[in-house]
1. Can you put 149, 41 in order, fewest other beta carbons within 10 Å first?
2. Taking other Cβ within 10 Å of each residue's Cβ, how do 14, 146 sort, fewest first?
3. If the chain between residue 64 and residue 9 were fully stretched, how many nm would it gain, using 0.36 nm times the residue separation less the Cα-Cα distance?
4. Order these peptides, 130-139, 63-72, by their mean beta-carbon neighbour count within 10 angstrom, highest first.
5. For 145, 2, 230, what's the fewest-to-most ordering of other Cβ within 10 Å of each Cβ?
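Just so it is clear, none of the values below were taken in a lab; they were calculated from the coordinates. From a predicted model like this one, the values you see are computed outputs, not experimental measurements. No Cβ is skipped: glycine too gets one built from the backbone with ideal geometry, and neighbour counts run over all protein chains shown.
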């Protein structure tokens, strides 16, 4: 099982990195929108698989594994024949030509001014330049983004991993429905955040405490915030550190997700859950008192 999980998760990371890097470079003027669309599809896929598992496969785990093993690679093999080189629109070409022509003139002027001692050679990168990984690794912006993703995405995965246990404790009969709500609202958060990030620099979210009767609404709110966090990270990293080495930099950023999930799920949520369950004399927690601690 561990080997299968290792292969499947590495396969997902490989596909995700390839898709993101390709589309970010093909559409550099719409990075937020592209990130929102791609992350949105990834978010809603969990709901699609849940519906397939419940309605089509009739809850059969063996059929689900067969579908994931054969069906998904077949779709990838079929779709690869539709990939073609991307040609920018004429408007972008015109703007690029104007930029390069004006850049040639400015380069000549810079050389003349540099020879006269009026301009000093630039020694450090600024935000938006193409950073190498080792150059970005020592920047405060890099670690600020990493820890933000570590806290936001890690806690979101913790909620997702414990969604069924929370539902059982609060008396929710159909926890599969909650997973569908989480997946759909995760899709909404990822898609909307990608579009909104094209127009706003930052968005601030506040968390509100909700009663157990509003658990579906709380799940929706958490999933939207989780989707926003995932969708905004990619265009933010590309805007700060450039697109030339976006693949390796964004892949390192994505490590914040599993590391945060490991720490929050295993060393925090699991220990608290087991401790409270032992107090009740059962392996499962019941009631809302556990979640108020």
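1. Going from least to most buried by this count: 41, 149.
2. Fewest to most other Cβ atoms nearby, the residues stand as 14, 146.
3. 18.1 nm
4. On the way: 130-139: 14.9, 63-72: 13.3.
Ranked from most to least packed, the peptides come out as 130-139, 63-72.
5. Numbers: 145 22, 2 6, 230 26.
Ordered from fewest to most neighbouring Cβ atoms within 10 Å, 145, 2, 230 come out as 2, 145, 230.
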